[in-house]
Amino acid sequence: MRQNKGVLLYRKARKIIPGGTQLLSKRPEMFLPVGWPAYYSRCKGISVWDLDNRKYLDFTIAGVGACTLGYGDPDVDAAVKNAVKRGNMCTLNAPEEVELAELLCDIHPWAGMARYARTGGEAMAVAVRIIRAYSGKAIVLFCGYHGWSDWYISANLAGSSTLDGQLLPGLEPAGIPRGLAGTAVPFKYNELENFESLVDKFDNKIAGVIMEPVRSSWPVDGFLEGIRKITEKKNIPLVFDEVTSGLRMNSGGIHLKLGVKPDLAVFAKALGNGYPMAAVIGKAKIMSSAQKTFISSTYWTDRIGPSAALATLKKHKKLKAGGHLVEIGTMVQQGWKDLGNKYGLKIHISGIPPLSHWQIAAPDSQLAHTAIAGEMLKKGFLTSKSFYSTYAHKASDVHRYLDALDGTLRELSPYIKSSSVRKVYPFPAAHTGFKRLV
Ligand SMILES: Cc1ncc(COP(=O)(O)O)c(C=O)c1O
């Protein structure tokens with residue numbers, strides 16, 4: 001197992017691809033530094049086959065949150081095949097772009113216009129450009145993670161700990177021009193006073209506010225409402241980054257459930273259920289500022305992206321997929337809780353049910369979770385500290401997963417409790433974040 005074809009290919013990849021992969025969260029070191037299969041030959045529903053044709057059930061993060069309907073959804077795939085059949089790229093435009101703009105604005109009636117990109121980071125950069133063009137100002141107040149772009153990472157020019165507490169601690173801002181220092185300033189989620197003090201401090205220099213409406217915890221009463229009230233009063237555009245929260249609990253932005261309307265909202269990841277697609281939607285008076293600047297890219301015009309998004313949104317809505325994602329995520333969270341009680345482990349659970357995380361509170365917690373991933377892999381499951389539910393996860397899959405986890409914790413919990421996991425798992429612990437990029 002430890003010498004599977006994926007392990008060997010990843011060894012080769014690291015020599016010719018810096019970092020080995022294109023996304024930090026897909027690096028094997030993030031899951032299981034020794035033995036993770038790393039590559040897939042095919043995937044369908046929640047099943048993944050590695051390069052040795054071993055099959056696993058995926059209880060990790062569903063293509064890093066991209067596939068809420070499951071891998072290779074037949075209806076989305078059919079729409080994509082149809083786009084390919086009729087030609088994916090052309091000098092003329094894909095009419096699906098217009099239908100998608102209408103559908104997105106139908107789902108989010110506060111919005112009047114849409115622009116597209118293909119990834120979350122790109123779309124967030126587009127949104128930031130639009131609000132800066134609209135306001136003529138530079139400073140962005142933000143909260144949470146928003147991608148790899150200069151506008152965001154520049155926050156760490158003020159000190160490499162600025163992004164600590166924004167999901168990604170310890171990131172050096174190498175390669176970001178010093179001139180951007182002070183243009184992106186973080187605030188703390190659920191701390192309205194912290195936000196208010198920054199608005200007071202930067203007042204008429206603020207281009208906009210960028211935040212995820214929900215991430216690892218639900219907003220406390222008055223937090224989002226307070227931000228909305230202040231931004232409205234001061235005419236500061238409020239942008240909800242729904243790249244990860246969108247299409248989780250409902251078939252659109254999670255803000256619709258929270259009853260707070262932004263000025264712009266950004267979608268990616270789940271929007272195309274595995275096909276690259278991202279959208280920035282917003283109020284026409286702000287979105288029109290896209291015309292004051294240059295926002296344009298060849299492959300933002302392909303037909304597959306909007307075709308996949310239309311098929312995804314329509315199916316998601318028809319099936320009320322968000323309800324299923326919540327149900328499955330809730331079952332898994334409850335299962336973690338029950339197993340913690342059964343084996344006397346303290347477990348911290350966070351996240352909305354479709355984006356669930358668990359963490360065993362123990363001195364060598366990270367090694368324990370790595371050992372668990374190793375055992376679960378042997379039993380035919382891809383697992384991690386995070387679980388993103390999909391429409392393809394059935395209750396029976398969750399039972400199988402929790403049974404396997406039960407057996408794993410039965411074996412490992414005595415070692416976890418006595419801080420001696422290394423005795424049974426003498427391998428490196430999984431990496432935890434940007435602290436270890438190399
Ligand atoms: C909230 C949020 N914004 C932006 C991004 C960046 O999206 P992408 O990885 O598609 O560039 C992510 C990715 O995890 C995200 O979770």
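The values are calculated or read from the model by the stated rules, or taken from the named source; none is laboratory data. Small disclaimer: the values here were computed from a predicted structure and weren't measured. Virtual Cβ from ideal backbone geometry, glycine too; neighbours counted across all protein chains shown.
So the values come out like this:
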{"item": "Criterion: assigned to a loop (DSSP other than H, G, I, E, B) and assigned by TED's automatic domain parsing to the domain that holds GLY380 - qualifying residue of CYS67, CYS90", "result": "CYS67"}
{"item": "Filter pass, LEU157 being in a helix (DSSP H, G or I) and within 16 Å of the ligand (Cβ to nearest atom)", "result": "no"}
{"item": "Conditions (1) surrounded by 14 or more Cβ atoms within 10 Å (Cβ to Cβ); (2) at pLDDT 95 or above; (3) among the hydrophobic types (A, V, I, L, M, F, W, C); (4) within 24 Å of the chain's Cα centre (by Cα): number failed by LEU167", "result": "(2)"}
{"item": "Identity of the residue in segment 46-56, surrounded by 20 or more Cβ atoms within 10 Å (Cβ to Cβ) and outside any loop (DSSP other than H, G, I, E, B), that ends up nearest to the ligand (Cβ to nearest atom)", "result": "VAL48"}
{"item": "Breaking point among (1) in a helix (DSSP H, G or I); (2) touching a helix residue (DSSP H, G or I) at 6+ places or on another chain (Cβ under 6 Å); (3) in the same structural domain as ASP403 (by TED's automatic domain parsing), for PRO353", "result": "(1)"}
{"item": "Failed item in (1) within 24 Å of the chain's Cα centre (by Cα); (2) under 18 Å from PRO276 (Cα atoms); (3) surrounded by 15 or more Cβ atoms within 10 Å (Cβ to Cβ); (4) aliphatic (A, V, I, L, M), with ALA83 passing the rest", "result": "(1)"}
{"item": "Restricting segment 205-263 to residues that are among the hydroxyl-bearing types (Ser, Thr, Tyr) and surrounded by fewer than 20 Cβ atoms within 10 Å (Cβ to Cβ), the residue that is farthest from the ligand (Cβ to nearest atom)", "result": "SER217"}
{"item": "Every pair of residues 6+ apart whose Cβ atoms lie under 7 Å, when the first sits in segment 360-375 and is over 15 Å from HIS431 (Cβ atoms) while the second is modelled with pLDDT under 95 and assigned to a helix (DSSP H, G or I)", "result": "none"}
{"item": "Evaluation of GLY120 against (1) modelled with pLDDT of 95 or more; (2) surrounded by fewer than 20 Cβ atoms within 10 Å (Cβ to Cβ); (3) in contact with a Lys or Arg (Cβ under 8 Å, 6 or more places away or on another chain) (one fails), failing number", "result": "(2)"}
{"item": "Residues of segment 264-278 that turn out to be within 12 Å of the ligand (Cβ to nearest atom) and buried (at least 24 other Cβ atoms within 10 Å of the Cβ), as a count", "result": "10"}
{"item": "Among (1) modelled with pLDDT of 95 or more; (2) surrounded by 22 or more Cβ atoms within 10 Å (Cβ to Cβ), the one test that ILE153 misses", "result": "(1)"}
{"item": "Residue pairs meeting the criteria (Cβ under 7 Å; at least 6 apart or on separate chains; first among the hydroxyl-bearing types (Ser, Thr, Tyr), in segment 8-36; second in a helix (DSSP H, G or I) and at pLDDT 95 or above)", "result": "TYR10/PRO28; SER25/VAL64"}
{"item": "Search result, residues across segment 22-39 that are part of a loop (DSSP other than H, G, I, E, B) and either within 16 Å of the ligand (Cβ to nearest atom) or under 14 Å from GLY63 (Cβ atoms) (or both)", "result": "GLN22, LEU23, ARG27, TYR39"}
{"item": "Subset of segment 5-21 that is part of a helix (DSSP H, G or I) and among the β-branched types (Val, Ile, Thr) - its residue that is farthest from HIS369 (Cα to Cα)", "result": "ILE16"}
{"item": "Filter result for GLY208 (small (Gly, Ala, Ser), within 19 Å of ALA265 (Cα to Cα) and in a strand (DSSP E or B))", "result": "yes"}
{"item": "Sole exception among (1) among the aliphatic types (A, V, I, L, M); (2) crowded, with 23+ Cβ neighbours inside 10 Å; (3) part of a helix (DSSP H, G or I); (4) within 16 Å of the ligand (Cβ to nearest atom) for LEU100, by number", "result": "(4)"}
{"item": "Residue that is buried (at least 21 other Cβ atoms within 10 Å of the Cβ) and of a type outside the set (Ser, Thr, Tyr), where the choices are ALA392, ALA429", "result": "ALA392"}
{"item": "Selection status of GLU122, more than 10 Å from the ligand (Cβ to nearest atom) and either within 29 Å of LYS317 (Cβ to Cβ) or assigned to a helix (DSSP H, G or I) (or both)", "result": "no"}
{"item": "Residues satisfying the stated conditions in segment 287-296, i.e. farther than 23 Å from LEU247 by Cβ and either within 14 Å of the ligand (Cβ to nearest atom) or not in a loop (DSSP other than H, G, I, E, B) (or both)", "result": "SER288, SER289, ALA290, GLN291, LYS292"}
{"item": "Residue match in segment 351-358 (condition: at pLDDT 95 or above, more than 21 Å from the chain's Cα centre (by Cα) and either basic (Lys, Arg) or crowded, with 21+ Cβ neighbours inside 10 Å (or both))", "result": "no"}
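A quick yes/no check of all residues on (1) in a helix (DSSP H, G or I); (2) without any contact (Cβ under 8 Å) to a residue 24 or more places away in the chain; (3) away from the ligand (no atom under 16 Å from the Cβ):
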position	(1), (2), (3)
LYS137	no, no, yes
GLY147	no, no, no
ASP164	no, yes, yes
VAL185	no, no, yes
PHE195	yes, no, yes
